[in-house]
Amino acid sequence: MISEPEQLLPGTRRALLHRIAVAQSEGRAPSLVAAVQRQGQVVWSGSRSCVDGHAPDGDTQFRIGSLTKTFTAVLVLRLRDEGLLNLDDPLEKHLPGTDVGDITVHQLLGHSAGLAAESPGPWWERTPGALRPELPDVLGEQTRMHVPGHRFHYSNPGYTLLGSLVEQVRGMSWEQALRNEILEPLGMHRTSLQPEAPHAGGWAVHPWADVMLPEPAEDLGLMAPAGQLWSTTNDLLRFAAFLMEGDDRVLCADSVEEMRKPSAPTGPGDWQSGYGLGLQLARDGDRTLFGHTGSLPGFLATLWISAEDDVAAVALTNTTAGLAIGEVAAELVGIVAEAEPRVPEPWRPLTESEVDTDLLALTGPWYWGTRANVLRLTPGGGLEIAPMRGAGRGARFVPGGDGTWTGLDGYYAGEILRVVRNDDGSVNHLDLGSFVFTREPYDPAAAVPGGVDASGWRGLGD
């Protein structure tokens with residue numbers, strides 16, 4: 001049983017407050033609110049404001065922009081898990097008449113469909129959605145910027161198509177599906193399409209003077225699935241907990257884990273970021289983060305999660321530009337993870353029902369040629385193979401039910417591991433995607449491709 005996380009130390013809380021205070025001051029933001037969650041529980045929150053006594057709290061709504069895309073992606077994956085569509089399906093199969101029907105659902109989710117980044121016509125984020133009443137108005141005439149599937153190219157219209165796909169397959173509005181299938185089950189009662197008091201107003205701050213201008217808050221219409229939502233730090237941390245562990249009422253753990261696997265090639269030289277299925281991926285030093293950023297005129301938002309540290313941070317502000325809110329949220333995660341590292345759970349042995357003596361006999365050293373590897377038994381009848389020393393090709397495997405195991409990750413993801421036995425039932429070797437692993441380096445008794453020199457190992461001749 002996982003114990004409740006301890007409250008943060010005073011020094012950690014001071015560092016978190018200092019970070020957002022510097023961000024609000026130097027970024028010249030009217031207000032900023034942030035919160036941190038560890039092991040699924042909120043352990044810190046803080047805010048700053050230019051108006052004394054009116055700082056926002058965890059219940060104050062801000063517009064979250066493209067964080068909305070993650071919610072849309074969850075709705076699409078629910079349809080996949082229910083067998084109503086496949087991610088490799090062409091869009092035309094479920095949403096005919098778009099003129100881009102050959103692109104796949106997977107490509108839309110991962111921004112590799114090659115569509116334009118923005119909708120044509122007046123700046124869609126600052127104009128009413130009524131100006132774009134139909135999908136052709138959202139897509140425009142020049143829909144193709146790149147060959148589908150060949151590269152990552154962020155596309156807001158792409159997520160409009162996904163929202164329309166949800167409506168077509170579900171037979172209800174995107175808003176109703178969102179409320180029924182995500183917001184209500186997760187208790188996100190302060191997340192909505194339109195602002196609900198208390199909420200922040202959106203502002204533009206002059207780049208060269210300390211003066212402000214109010215920004216419009218338009219209803220985006222068909223573009224809503226790409227960036228419409230308003231939310232709070234409390235609600236977004238509930239969403240973060242779901243993205244960490246899954247929730248069978250919404251989406252299972254395997255599917256939310258699938259969301260954070262890279263889905264499209266990155267651009268040249270871009271090794272620090274990527275995109276999964278509705279989730280942005282980023283490297284912050286040695287730490288891997290997943291979540292999403294968001295911006296609309298008057299607002300900036302970021303949710304970052306570190307699965308390894310079991311820490312999530314959300315930061316929201318009501319300014320159009322000038323504050324690197326993504327960096328702030330990443331640093332909040334780092335402050336907690338580094339100042340108060342996660343305490344691991346106590347080691348516990350497998351239960352008797354989890355121990356298979358035949359599998360236990362397979363554990364230990366195995367050699368691919370002369371490269372030493374170790375095979376370990378994992379819970380649930382799984383196996384894990386890893387280099388005995390240094391980096392190399394390691395992977396986890398799950399049982400296939402037919403005496404084989406399938407790779408989950410790494411070089412051997414999707415590859416099949418088989419035990420090849422002699423006529424007497426003893427193990428000859430392991431076959432992993434055609435590679436032979438033997439108990440001894442180039443074991444002459446095993447079926448090593450190319451054979452083994454009969455004279456055996458030798459030293460340097462005199």
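Just so you know, all these numbers are worked out from the coordinates, no wet-lab data involved. Predicted model, so just to flag it, every value in this text is computed and none were measured. Heads up, the Cβs are rebuilt from the backbone with ideal geometry, glycines too, and the neighbour counts pull from every protein chain shown.
How much net charge surrounds LEU115 when only the other residues with a Cβ under 14 Å from the Cβ of LEU115 are counted, with Lys and Arg +1 and Asp and Glu -1?
Local net charge: -1.
In whole angstrom, and with the biggest value first, how far do the Cα coordinates of the chain range along each principal axis?
Principal extents (largest minus smallest coordinate, Cα): 85, 59, 50 Å.
So for region 97-164, considering every pair of alpha-carbon atoms, how many percent are separated by more than 18 Å?
Across region 97-164, Cα pairs with separations above 18 Å total 30 percent.
Using per-residue counts of other Cβ atoms within 10 Å, averaged over each peptide, order 378-385, 348-355, 165-172, 311-318 from highest down.
311-318, 165-172, 378-385, 348-355
Which order do peptides 132-145, 150-163 fall in by mean Cβ count within 10 Å, highest first?
Ranking, from highest mean packing down: 150-163, 132-145.
Mind pulling the angle between the C-alpha long axis of helix 325-339 and the longest principal axis of the chain? Nearest 10 degrees, somewhere in 0 to 90.
Helix 325-339 and the main axis of the chain meet at about 50 degrees.
Going through region 218-323, which chymotrypsin sites (Phe, Trp or Tyr not before Pro) have at most 10 other Cβ atoms within 10 Å and a DSSP loop state? Write out the running numbers ahead of the final one.
Numbers: sites: TRP230, PHE239, PHE242, TRP271, TYR275, PHE290, PHE299, TRP304; in loops: TRP271.
Counting only loop positions with at most 10 other Cβ atoms within 10 Å, the chymotrypsin sites (Phe, Trp or Tyr not before Pro) in region 218-323 are TRP271.
What does the charge count near ASP99 come to, summing +1 for each Lys or Arg and -1 for each Asp or Glu among other residues with Cβ under 14 Å from its Cβ?
Result for the local shell: -4.
I need the phi-derived Karplus couplings for region 45-52: 6.51 cos²θ - 1.76 cosθ + 1.60, θ = phi - 60°, integer Hz, Gly and Pro marked x.
Values per residue, Gly and Pro as x: 8, x, 7, 9, 8, 7, 10, 4 Hz.
Output the Kirkwood hydrodynamic radius of region 287-393, Cα pairs only, in Å rounded to one decimal. Please report the intermediate quantities before stating the final value.
Numbers: mean 1/r = 0.0562 Å⁻¹.
Computed over Cα pairs of region 287-393, the Kirkwood hydrodynamic radius comes out at 17.8 Å.
So if I take the centroid of the Cα atoms in region 205-239 and the same for region 400-422, what is the distance between those two points in Å?
48 Å
What is the distance, in nm, between label points placed 7 Å from the Cα along the Cα-to-Cβ direction at CYS252 and at VAL355?
It is 3.0 nm.
Divide by every residue of the chain the summed helix terms, -39500 (n - 2.57) for each DSSP H run of at least 4, and state the resulting mean residue ellipticity at 222 nm, rounded to the nearest 500 deg cm²/dmol.
-6500 deg cm²/dmol
Starting at the first residue of region 299-306, write each ³J(HN,Hα) from the Karplus equation 6.51 cos²θ - 1.76 cosθ + 1.60 with θ = phi - 60°, in whole Hz, x for Gly and Pro.
Whole-Hz 3J(HN,Hα) from phi for region 299-306: 8, 9, 8, 8, 10, 10, 10, 10.
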